[in-house]
Each structure stands twice: as C-alpha cells, then as structure tokens.
Amino acid sequence: MLRFPLFGFRVTISPTFLILGLFLLDSGLGAVGLITWVTAAFSSVLVHELGHAFAVRRAGGVVQGITLHALGGATAWADPSSRIGWLRRIGIAAAGAGLGFVVAGILFALVKVGLFGANANAWIATPFRVFLGDAARSEQWWIFFLGAFIWVTIAWGLINWLPIGGLDGWHILAELLERWLPGRGRKAAAVIGILVALGAGWLLFQNGIRFGAIILVFFAFQTLMSERSSPPSPAPQPPPPAPLSRSQD
C-alpha cells in the first residue's frame with residue numbers, strides 16, 4: 001500500500017491498481033506505453049475522487065480517505081452532524097465526474113488552441129476520437145498521456161452517471177427515490193440499477209468490451225444484494241461512512 005496526503009485528504013493506492021495495465025499487455029505499447037496508460041488512468045481516477053472529496057468538505061462532511069484500487073476508486077466519508085441534506089448528497093455524488101469534465105475540458109481546449117502542438121491537435125480530434133496508436137508509434141508519450149486522460153475521464157465520467165448500482169448515477173437515483181418512496185427508494189433504485197446494468201453490459205459485450213460489461217453487472221448485483229439485506233428505514237437518512245463511488249478511469 002502506498003499512502004500520501006493530498007489537499008488535506010489521505011490517499012491510499014492499492015497494489016491492485018496496477019492490474020489496469022494487464023489489459024494492455026498484448027497491445028504492443030511496450031513498457032513505456034503501459035506506464036503512460038496506467039499513469040493517465042491513475043490521474044483520471046484521482047481527479048474523480050478529489051471531486052467527491054472537495055464536495056464533501058464543502059458540504060460540512062468529514063472525508064475519511066480516498067482509495068484507488070483495481071476497480072477504480074472510492075471516497076469514504078461521514079456526516080457526523082447529520083446536516084448534509086439530500087440535495088447536497090446528490091451534489092457530492094455528481095461532483096466526481098463533474099470535476100473530471102472540467103479538468104479534461106480545459107485540457108482539450110488547450111489542445112485545440114494549439115498549446116501542445118499540431119500533432120496533439122490532430123491525434124486528439126475530439127474527446128471520443130483519440131488516436132493513441134499514432135502517438136505511441138511516434139513515441140510522443142506526452143500526447144499519448146493527454147489523449148488517454150481526456151478520453152478516459154470524459155467517457156467513464158458519463159458512464160458513471162448511469163443509474164447502475166455502485167456508480168454515482170445510482171447514488172443520485174437512490175436519493176431521489178428515497179424522497180418519493182421513503183424507506184423503499186434505495187431498494188427500488190437497486191432493482192432499476194441491475195436492469196440498466198444488464199442492458200449496458202449487453203451493449204458493451206457486443207462491442208467486445210467484456211471486462212467492462214462484467215464490472216458493471218458485478219457492481220449492480222453487489223448493490224442489489226446489499227440493499228436487500230439491509231433493514232428498511234422509516235425515512236431517508238444521511239449515508240453512513242461508505243464508499244461513494246467506484247470508477248475505473
């Protein structure tokens with residue numbers, strides 16, 4: 001385990017985070033390419049979790065720590081004074097991807113104005129059309145890092161807002177449903193989450209992204225089992241100290 005403080009938060013990096021690089025072993029990127037990819041993923045996940053942590057701090061909560069692991073990241077936090085309302089909890093859930101969109105958007109704008117050169121402008125055509133292979137073949141690893149960071153941050157940030165169990169979108173849906181169905185909203189959100197996960201997983205599987213499909217369905221089933229085993233509550237309650245998000249970036 002590697003631990004260090006950042007902006008007043010305790011950050012822990014699990015050795016399992018390096019598993020991300022295993023999925024690119026047969027990509028022909030070489031050692032430098034793998035290191036660059038893992039560094040871009042690490043940076044993206046860290047920015048995402050910092051978004052949650054900053055939002056918790058601003059709302060008056062206590063951030064217990066940020067952990068980066070093989071399946072992404074998690075921000076553990078508590079509301080000891082029970083003063084964080086449902087709207088602020090929604091804001092906390094949305095803030096991870098939100099900060100990522102801001103940082104990636106600024107970097108993409110700088111690429112488009114030519115700050116990083118003509119190759120970066122051509123190879124990072126849009127946040128969703130990034131030609132990492134061209135950057136790798138030319139060994140322009142800084143452009144490779146920029147492109148990977150922008151693509152992962154934007155793409156996974158959007159996926160993270162889907163109402164799938166374990167993702168930020170599910171936390172948002174659960175808060176809303178608890179307002180309409182006190183004591184039953186989280187369980188209803190868990191059922192919706194598994195249905196969305198199965199649909200999204202099927203699409204990912206059809207496009208060859210099998211690992212992503214498995215992860216989404218795993219998160220959704222895990223959340224469903226957790227909510228089914230928890231006792232019903234008479235009214236919406238502030239969340240206990242628990243991971244807010246799980247994101248692979």
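The values are calculated or read from the model by the stated rules, or taken from the named source; none is laboratory data. The model shown is predicted, which means the values in this text are computed figures rather than measured ones. Cβ sites come from the backbone with ideal geometry, for glycine too, and all protein chains shown count toward neighbours.
Values as computed for the structure displayed
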{"item": "Qualifying residue in the stretch 135-146 (condition: at pLDDT 95 or above, under 20 Å from the mean Cα position of the chain (by Cα) and crowded, with 20+ Cβ neighbours inside 10 Å)", "result": "yes"}
{"item": "Some residue of the stretch 170-183 being closer than 19 Å to ILE209 by Cα, aromatic (Phe, Trp, Tyr) and modelled with pLDDT under 95", "result": "no"}
{"item": "Odd one out for ALA125 among (1) in contact (Cβ under 8 Å) with a residue 12 or more places away in the chain; (2) in contact with a Phe, Trp or Tyr (Cβ under 8 Å, 6 or more places away or on another chain); (3) small (Gly, Ala, Ser)", "result": "(1)"}
{"item": "Residue within the stretch 161-168 that is over 20 Å from THR39 (Cα atoms), in contact (Cβ under 8 Å) with a residue 40 or more places away in the chain and touching a His at 6+ places or on another chain (Cβ under 9 Å) present", "result": "yes"}
{"item": "The stretch 56-73, subset surrounded by 21 or more Cβ atoms within 10 Å (Cβ to Cβ) and closer than 26 Å to GLY183 by Cβ, residue farthest from the chain's Cα centre (by Cα)", "result": "GLY61"}
{"item": "Residues located in the stretch 61-83, provided they are more than 21 Å from PRO5 (Cα to Cα) and either of a type in the set (A, V, I, L, M, F, W, C) or in contact with a His (Cβ under 6 Å, 6 or more places away or on another chain) (or both)", "result": "LEU71"}
{"item": "Any hit, the stretch 178-186, residues being within 25 Å of LEU29 (Cα to Cα), among the charged types (D, E, K, R) and in contact (Cβ under 8 Å) with a residue 24 or more places away in the chain", "result": "no"}
{"item": "Residue among VAL103, VAL130 that is of a type in the set (A, V, I, L, M, F, W, C), closer than 23 Å to LEU46 by Cβ and in contact (Cβ under 8 Å) with a residue 40 or more places away in the chain", "result": "VAL103"}
{"item": "Search result, residues across the stretch 220-237 that are modelled with pLDDT of 80 or more and either part of a loop (DSSP other than H, G, I, E, B) or within 17 Å of TRP156 (Cα to Cα) (or both)", "result": "ALA220"}
{"item": "Residues that are among the small types (Gly, Ala, Ser) and part of a helix (DSSP H, G or I), drawn from the stretch 156-197", "result": "GLY157, GLY169, ALA174, GLY185, ALA188, ALA189, ALA190, GLY193, ALA197"}
